[in-house]
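The values are calculated or read from the model by the stated rules, or taken from the named source; none is laboratory data. As the structure is a computational prediction, the values presented were derived from the model and not from experiment. Every residue, glycine as well, gets a Cβ built from its backbone with ideal geometry; the counts of neighbours run over all protein chains shown. Areas reflect the complete protein model, heavy atoms only, side chains present, ligands, DNA and RNA absent. Shrake-Rupley method; radii C 1.70, N 1.55, O 1.52, S 1.80 Å.
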Amino acid sequence: MTDLKERIAAQLTAVRDRSLGYTAAEDDLLVRQHSPLMSPLVWDLAHVGNYEELWVLRAAAGITPLRPEIDDIYDAFKTPRRDRPTLPFLRPAEARDYIGGVRGRVLDVLDAVDLADPDPLRRDGFVFGLVIQHEHQHDETMLATLQLAGRPGVVRDGDLPPGLSAGPEEVYVPAGEFLMGTDSLPWAYDNERPVHRVDLPAYWIDRLPVGNAAYAAFIEDGGYHDARWWTPEGWRWRQENGVFAPLFWTRDGGAWWRTRFGRPEPVPMDEPVQHVCWYEADAYARWAGKRLPTEAEWEKACGWDAAAGRARPYPWGEQDPKPELANLGHRAARPAPLGAYPGGASPYGAEQMVGDVWEWTATWFDGYPGFRAFPYREYSEVFFGKEYRVLRGGSWAADPAAVRTTFRNWDYPIRRQIFTGFRCARTATPEER
Ligand SMILES: [Fe+2]
C-alpha cells in the first residue's frame, strides 16, 4: 500500500475506535434521546456507517446497496433530530454489525482504488477524507450528547499543559489583502473553496479566547440584565429563556460551579469560556467595548503569513497538530488553560486559535465567491443564508483530521450545547494604524 493509503487506513481505524468507545455503554443509554437537540447515540453510530456506504461503497466504488431499506432512517434531512427517537433505527448490536460490514468492504475498496484517478471522489482519497471527517464530527456531537446526558465513564480526561504564556491582551493585524479559503488542501470541503483575495482594514484581535474570569466579570457587572449589550433578537432570547450564565453553570453562594460530564466542579477561572451561544458572545463583546471578529478577520489572524505571502494550514505552520501545539482530539474533556500553547501562536501572535473551543464569528454562513457544491448540495449549500453563524478553529473534542485554518463550521445563534466560546476583535482607530 502507498503511504497515503496507509494513512487513510490508520485514520479510518482511529475514528472508528473513537466512535465505538463513545458508544461502549448499556443499550438504554444508546437508544434514549437525552435532549430534543440531539439524536440517540446509536442513531449517530449507524448513520456514520450508512454515510460511508453511500459515499465510498455506492458513489465512489459502484457497489450494490447493502441495506437500502434503512437509508431514509439515516438521512439527516428526512429525519429532524427531535423525531429520531421514534424511528425504527437499528438497535446497538445490529448497528455495530452493520457498520462493521460496511467498513470491511470500504477497506477492500481502499486496497483496490487508484488514488491518482482524476475522478474527484477518488483523487487523493477525497471520499475517504469525507467519511473520516464526517465520523469525527459525529463523534464530537456524541460528546455533546454525553455532556447533556451527564455521563462520566466513557469520557476520558487526561492532563493538559499549564497556562504559561504572558503577552498583550490583543494582537495587531495590519491592513491588507490575504488569501482566504483553499484550492490546494485535498480533503477541504466545498465550503472552504475556492481560494480568494480578501482585503481587510487594520484590526486588533484578542490574543486568547475570552476566559471564564472575564466572562464572570460580565455576569457580575449585570451583563445579562442590560439590554444595551444585546441585539434585539439576543435580548428576546435571553428573556424568554431566563438565561443568566453559560450552559451548565450554577451559582453556589459566591462561587460559580459547572457540571462537566455529570461531575460538578468549581469553574476554572483560567480556562476559555464554553457553552455560550452567539447572542451571549456578541453581548459580551459589546460590553467589553469590542465586537466579534468577522470570519475573514478570524482566518487572517489564524493563518496568514504576510512575510511569505501565503496561508498556513495551521497557525504554527505546516506541521500536523501535536499535543504541545493545540488541545485537539479529546485528550482531555475540557479546554486547556489560557496561554497553554505559546508554541501554537499564529504569525500575528494569536494563540489557541485552533483547539480548546470553537469560536463564534460575526459572519453568517455563506458560499465564497465562485462556490461550487461538491459532492452534494446538502453538505453546505442548503445551509447558506442568514440562519447560521460561522464557527472556527475546532474544540478540544474535534479531531485534527477535521480542523485547519480554513475549516468552517456553522450553527444556529441560540446553540449552547456545542463546545463553543469566542474571542473579540475591534477595528484599529486612525491613530493606531
Ligand atoms: Fe451526518
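Some values worked out for this structure:
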| quantity | calculated |
| --- | --- |
| Dipole magnitude (debye, nearest 20) for segment 233-392, charges at Cβ of Lys, Arg, Asp, Glu | 180 debye |
| Helical segments meeting 20 Å axial Cα length and Kyte-Doolittle 0.0 threshold in the chain (DSSP H) | 126-149 |
| Cα principal axis extents for segment 87-179, largest first, Å | 53, 45, 28 |
| Cα Rg, Dmax, segment 289-341, angstrom units | 13.5, 37 |
| Span per principal axis, largest first, for the Cα atoms of segment 41-126 (Å) | 43, 25, 20 |
| Cβ charges +1 (Lys, Arg) and -1 (Asp, Glu), total dipole of the chain, debye | 580 debye |
| Segment 270-405 - Kirkwood radius from inverse mean 1/r over Cα pairs (Å) | 15.9 Å |
| Amide H contacts of ARG415 (H built 1.01 Å from N, under 5 Å, at least 5 apart or other chain) | TRP278 |
| Distance between modelled label sites at ALA116 and ASP159, nm, 7 Å Cα→Cβ extension | 4.7 nm |
| Ratio Rg/Rh [Cα only; Rh per Kirkwood] for segment 133-226 | 1.07 |
| D (Stokes-Einstein, µm²/s), Kirkwood Cα radius, segment 341-433, 1.567 mPa s at 4 °C | 87 µm²/s |
| All Cα pairs of segment 186-329, percent lying beyond 28 Å | 35 percent |
| Length released on extending from GLU431 to TYR172, taking residue separation times 0.36 nm less the Cα-Cα span | 91.9 nm |
| Rg over Rh, two decimals, segment 230-293 (C-alpha only, Kirkwood Rh) | 1.00 |
| Cα-Cα pairs of segment 82-134 separated by more than 16 Å (percent) | 58 percent |
| Tail fraction, Cα-Cα pairs, segment 1-150, threshold 25 Å, whole percent | 27 percent |
| For segment 282-334 and segment 13-62, distance of Cα centres in Å | 29 Å |
| Computed E for MET269/ASP108 - FRET, C-beta separation, R0 51 angstrom, nearest 0.05 | 0.45 |
| Under the Debye formula (equal points on every Cα, no solvent term), log10 I(q)/I(0) of the chain at q = 0.12, 0.13 Å⁻¹ | -1.03, -1.22 |
| Per residue accessible area of the chain, 1.4 Å probe, in Å² | 40 Å² |
